[in-house]
Amino acid sequence: MHPKILNRDFQHPADGWYQIEALGHHPNRAAGVVQVIDAGAAQAIVDRFNAEAAAGQLRHGQEMLIDHEHFSDQPDQETRAYGWLLQLQNRAAGIYGRIRWTTTGQAAVDGGDYRFFSTEYEPHDLQPLAPASGQGSQSSFDPPALKPVRPLRLAGLTLTNMNNNRGQQPITNRSEAGLAIPPAPIFADAGSRPADLTKTNTKGKPMKSVCTLLGLSAEADEASVHAAVSKLLNRGDITPDALTTLQHRAAALESENQTLLGEQLAGLLAERKVTDAKIVNRLTPVLAALKNREERLAALDDFGFTGQASQAAPAAQTRVLNRGAQAGSEAAAASVTDDDRAIATKIQNRATEIQAKGTKFDAAWRQASREVLGRKY
């Protein structure tokens, strides 16, 4: 008698949480490191992600883009979202994430086209580790030539079937016949997301520059702005000549401010040892759009320009993309410098498009920077 053929579908986890990283030692030869995902690493990654998501400080705000095959890190590839990572959770088996699937991503995982996640970590988020206790060298790691590091912050997540970090549970599994396990839902918009993950902002975005010009706090509410404008409209002591004088003075101050800003940016780039003229020209307008030195330093850190000597840098000098090798070949890791240049090129190209529509240079650069970097200025 022939056995019955059961056509079972790929099923999502019943609780809607997906394992994105398993505990263990994960060698990545392309990056020259062994990633130690232990309890400390898992807790640090989870805490950092959830804090940044809650504060809207991720590259795309409160969610992290999930692409496929690390395409979003390649300038010549698409950046289509297969899903959005909303929240992380630290469990005994590793790191789990709650995901809002897009239509494209839902179809890809429902049909089994993609079964695994590949994580990404930046070099400056890798903590160098000493050899394991009781070992005289790094021989406890496989292979011995790779340097042990502990990832502390998740930089990216992608779908793949050639995952480098083994031990991860598949995104979907075949269920037993008759066992009903509901798939994770597709949320059409933020309003339909789970209540504990949704933070609705009903306030309009403040026009910070206008608030400052009116002598108010940059975060002043709409009522305060209306009151300040009404006060100006009701004033009758400003003559046309006085207004012209004020306008000329404002223009002069703006010119002086731009000169000082240029000198400050040049000094900052020199401090971080950025000397390539092409990179300086591309980074300068990006940094100028930021509001203070602290944000500019953070941006340079994100771009990999720390100004530190090479011997003081972490073991990995490239972004760790945890997609495994195919047919015995090593996975290619994107150069941090190339990635930074690609971001600068995207900003420049986008700014050119915006300028073509009549927007002034500075405003075009600020808008392009916001769109590409996902920051709020």
Subset of the stretch 46-66, residues aliphatic (A, V, I, L, M) and either under 9 Å from the mean Cα position of the chain (by Cα) or closer than 22 Å to residue 159 by Cα (or both), comes to 46, 53, 58, 64, 65, 66
Selection from the stretch 156-184 of residues at pLDDT below 85, among the β-branched types (Val, Ile, Thr) and out of contact with any helix residue (DSSP H, G or I) (no Cβ under 8 Å at 6 or more places or on another chain) yields 181
Within the stretch 241-300, restricting to residues that are outside any helix (DSSP H, G or I) and polar (S, T, N, Q), the one that is farthest from residue 351 (Cα to Cα) is 275
For residue 55, the lone unmet condition from (1) buried (at least 20 other Cβ atoms within 10 Å of the Cβ); (2) free of Cβ contacts under 8 Å to residues at least 60 places away in the same chain; (3) of a type in the set (Gly, Ala, Ser) is (1)
Scanning the stretch 88-101 for residues that are assigned to a strand (DSSP E or B), surrounded by fewer than 19 Cβ atoms within 10 Å (Cβ to Cβ) and not basic (Lys, Arg) gives 89, 90
Considering only the stretch 281-294, I want to know if a residue exists there that is modelled with pLDDT under 70, within 30 Å of residue 87 (Cβ to Cβ) and surrounded by 10 or more Cβ atoms within 10 Å (Cβ to Cβ). no
Exception for residue 135 within (1) under 16 Å from residue 28 (Cα atoms); (2) modelled with pLDDT under 90 falls at (1)
Residue 104 meets each of (1) assigned to a helix (DSSP H, G or I); (2) within 16 Å of the chain's Cα centre (by Cα) with one exception, condition (2)
Okay, strands (runs of 3 or more DSSP E) sitting entirely in the stretch 1-74 with 1 or more residues that are modelled with pLDDT under 95, among the hydrophobic types (A, V, I, L, M, F, W, C) and at negative phi, I get 17-22, 33-37, 64-68
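The values are calculated or read from the model by the stated rules, or taken from the named source; none is laboratory data. Owing to the predicted nature of the structure, the values given are computational and were not obtained by experimental measurement. Note: ideal-geometry Cβ built from the backbone for every residue, glycine included; neighbour counts use all protein chains shown.
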